[in-house]
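Note sheet for the following structure.
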Amino acid sequence: SEQQMICTGCGVKIQTGDMDGLGYAPPSSLEKEVIVCQRCFRLKHYNEVQDVSLTDDDFLKILNGIGTKDALIVKIIDIFDFNGSWLPGIQRFAGKNPVILIGNKADILPKSVKQNKVIDWMKKEAKENGLVAKDVFLVSASRGHNMREAAEMIDKYRNGKDVFVVGCTNVGKSTFINRIIKEVTGEGDVITTSHFPGTTLDIIEIPLDDGKSLTDTPGIINHHQMAHYIDKRDLKIITPKKEIKPRVFQLNEQQTLFFGGLARFDYLSGGRKSFTCYLSNELAIHRTKLENADSLYEKHAGEMLTPPRPEQLGDFPELVRHEFTIKQAKTDVVFSGLGWVTVNDPGTIIAAHVPKGVQVLLRKSLI
Ligand code: GDP
């Protein structure tokens, strides 16, 4: 019956009654071999997004259900946005279940970066965030790097149990699952992937050969993610698609870098120095004098300093300033969701400006 039909794109229940509701599909489309909801259809064919109404409570309910099952939990994070894509409370809703941590988008790191260093960093961060991970792994879901190994590891750790894949929106969870399906069955894209956070709306169960299943849970919206403050069309500008080319700036004291109009880095004091920016290659960096920075932003935000888009300026959160004196040689100033700037010397004083609600943090340099 209609009740049982599930969208192969996002996993939502198909309905034909409410054209604006979640899971709507025109009755005629139900004859097709592969049934997708109208939202996934539009996304796939026209690159259009439709707003849908799943509340945070709905997400939480689904997640809380996982703790009551006997299963392996696979948690995916975006290594480009570790903190922004971290799910707080994961240990709590995992219950007694083992968790393995997978860092996705390894392909965006410069080739010179040692994988083991990144894995050690993930382990340390996980521990600091209260997660005891059984194992940690680094993959590129879109390139298919290490995916076979990841699939094998999941199979090893699940030990005959069900698997739940969890992650924040935009970490590449759908891409990951599509790859896993390919590894397991040789089939192509079964799940919708896109630049748009929150595409996977309901639970998708993929049967495993021993009668158990691998379940894709909805992407959890983390409101600190930069992604939620910018136009969905601009997400592809800030989301790196390939290896990041580090951009080095020789700065004098009292100079400022703008990252589009989304964030700003002020170099306050420490003599002439070089700073290395790791941001999406598509995001423009503008250099100016600190004394001109405020007026430049006022005049050119949404235009030369873009994203945000002009029509968005009204809703765009104000930039909030965070000042830091760098304590350790080689420190990354992380602009959550946007990337980071490596500062080489202790004693350097800088200020980072980010939209209100977005995090700035310091960490030992990753690279
Ligand atoms: P979901 O919201 O977690 O299901 O994420 P998606 O699978 O829709 O992917 C979100 C964005 O990240 C898309 O723009 C993907 O192309 C991109 N993406 C996914 N996996 C990778 C990867 O391994 N490397 C890179 N560079 N981008 C990826």
Checked Val132, Val165, Val171 against criteria (more than 8 Å from the ligand (Cβ to nearest atom) and surrounded by 20 or more Cβ atoms within 10 Å (Cβ to Cβ)); the one match is Val165
Taking Val358 and the conditions (1) assigned to a loop (DSSP other than H, G, I, E, B); (2) surrounded by fewer than 15 Cβ atoms within 10 Å (Cβ to Cβ), which numbered condition does it fall short on, given that it satisfies the others?
-> (2)
Which condition number in (1) touching a residue at least 24 places away in the same chain (Cβ under 8 Å); (2) outside any loop (DSSP other than H, G, I, E, B) is the one that Glu311 fails?
-> (1)
Hey, Phe275 more than 24 Å from Ile230 (Cα to Cα) and under 27 Å from the mean Cα position of the chain (by Cα) or not | yes
Got at least one residue in segment 262-281 being among the small types (Gly, Ala, Ser), touching a residue at least 24 places away in the same chain (Cβ under 8 Å), within 16 Å of the ligand (Cβ to nearest atom) and not assigned by TED's automatic domain parsing to the domain that holds Pro110?
-> yes
In segment 328-367, the residues that are under 20 Å from Cys168 (Cα atoms) and polar (S, T, N, Q) = Ser336, Gln359
Residue pairs within 6 Å by beta carbon, gap of at least six or interchain, first lying in segment 123-144 and closer than 22 Å to Arg179 by Cα, second of a type in the set (Gly, Ala, Ser) and in a loop (DSSP other than H, G, I, E, B), listed first then second, are Ala141/Gly172
Residue check: is Gly211 more than 14 Å from the ligand (Cβ to nearest atom), assigned to a loop (DSSP other than H, G, I, E, B), modelled with pLDDT of 70 or more and farther than 30 Å from Val354 by Cα?
-> yes
Kindly indicate whether any position in segment 347-360 is more than 30 Å from Leu87 (Cα to Cα) and touching a Lys or Arg at 6+ places or on another chain (Cβ under 9 Å).
-> yes
Residues located in segment 256-292, provided they are part of a strand (DSSP E or B), under 17 Å from Thr342 (Cα atoms) and hydroxyl-bearing (Ser, Thr, Tyr) | Thr256, Tyr267, Ser269, Ser274, Thr276, Tyr278
Of all helices (runs of 4 or more DSSP H) completely enclosed by segment 58-172, which ones contain at least 2 residues that are small (Gly, Ala, Ser) and out of contact with any Gly (no Cβ under 8 Å at 6 or more places or on another chain)?
-> 147-158
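The values are calculated or read from the model by the stated rules, or taken from the named source; none is laboratory data. For clarity, every value in this text was computed on a predicted model and none was experimentally measured. Virtual Cβ from ideal backbone geometry, glycine too; neighbours counted across all protein chains shown.
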